[in-house]
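Have a look at the structure below, then the notes.
No lab work stands behind these numbers, since they all come straight from the coordinates. On a predicted model such as this, the values are computed, not experimentally measured, just so you know. So basically every Cβ, Gly included, is an ideal-geometry build from the backbone, and we count neighbours across all protein chains shown.
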Amino acid sequence: MAYKGKFRPLNPQKYKGDPTNIVYRSRWELVYMSRLDKDPSVIEWASEEHIIPYRSPIDNRVHRYFVDFYVKKKFPDGSVKVALIEIKPKAQTKPPKIQTKATKRYVSEVQTWGINSSKWKAAQDFCKDRNWQFLILTEKELNIKY
């Protein structure tokens with residue numbers, strides 16, 4: 001199975017955006033798209049349709065963060081909630097362990113953590129202003145085994 005490609009929804013009317021151009025960039029995104037498409041409680045969803053500006057700690061410039069998913073869901077009590085969802089490996093959701101030697105890998109991990117932290121803070125603020133939720137889902141929440 002390819003880990004990059006186009007997703008073809010069974011329920012294109014639920015997709016907010018162009019349902020003929022839904023791109024997945026990982027197996028986890030593909031799994032999540034399939035769940036959103038089939039879940040009757042999901043009113044609408046989108047992939048990489050919300051863009052949030054954030055300031056990078058690396059170059060101090062404003063960049064654009066394309067959040068993985070937008071989900072609007074109706075709950076059994078009748079309430080409707082909106083969330084922005086990021087899919088990440090659990091290992092990337094916490095800062096790297098401090099190293100005594102600044103290897104290329106360690107420097108890269110620190111930079112990635114700094115950028116991701118800035119993106120997630122901007123997404124949290126964006127969601128708070130709209131009374132939405134921002135969630136990071138990992139293989140644990142997606143119940144995906146290696």
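Spin-label model, residue 43/residue 77: points 7 Å from Cα along the beta carbon direction are separated by 1.6 nm. Compared with the direct C-alpha span, the chain from residue 16 to residue 141 gains 42.6 nm at full extension, assuming 0.36 nm per residue. Treating r as the C-beta distance of residue 128 and residue 106 and R0 as 41 Å, the FRET efficiency rounds to 0.80.
Highest GNM mean-square fluctuation among 104, 121, 16, for the chain modelled with Cα contacts below 10 Å: 104.
Take every Cα pair under 8 Å whose residues are at least 6 apart in sequence, average their separation, divide by the length of segment 9-141, and the relative contact order is 22 percent. Straight-line reach from residue 81: taking Cα to Cα under 15 Å and skipping same-chain neighbours fewer than 8 places apart, the aspartates and glutamates in range are 39, 44, 129.
Other residues lying with their Cβ under 10 Å from the Cβ of residue 90 contribute a combined charge of +1, Lys and Arg counting +1, Asp and Glu -1. Please report the antiparallel percentage of DSSP beta bridges with both residues in the chain, rounded to the nearest 5. Roughly 75 percent of the beta bridges in the chain run antiparallel, per DSSP. For segment 57-73, 3J(HN,Hα) computed residue by residue from phi via the Karplus equation (6.51, -1.76, 1.60; θ = phi - 60°) reads x, 7, 10, 6, 10, 7, 10, 10, 9, 8, 5, 4, 9, 10, 9, 10, 10 Hz, glycine and proline entered as x. Could you compute the FRET efficiency for residue 62 and residue 94, with r as their C-beta to C-beta distance and R0 at 25 Å, rounded to 0.05? Working from the Cβ atoms, E equals 0.45.
If you build a Gaussian network model of the chain, linking Cα atoms that sit under 10 Å apart, which residue out of 56, 118, 79 swings the most? It is 79. Under 1.5 on a/c is rounded, so check that first for the chain, then, if it is not, pick prolate when a/b is larger than b/c and oblate when it is not; a ≥ b ≥ c are the square roots of the alpha carbon gyration tensor eigenvalues. Prolate, since a/c reaches 1.5 and a/b exceeds b/c. The long axis of helix 27-38 is offset from the longest Cα principal axis of the chain by roughly 20 degrees.
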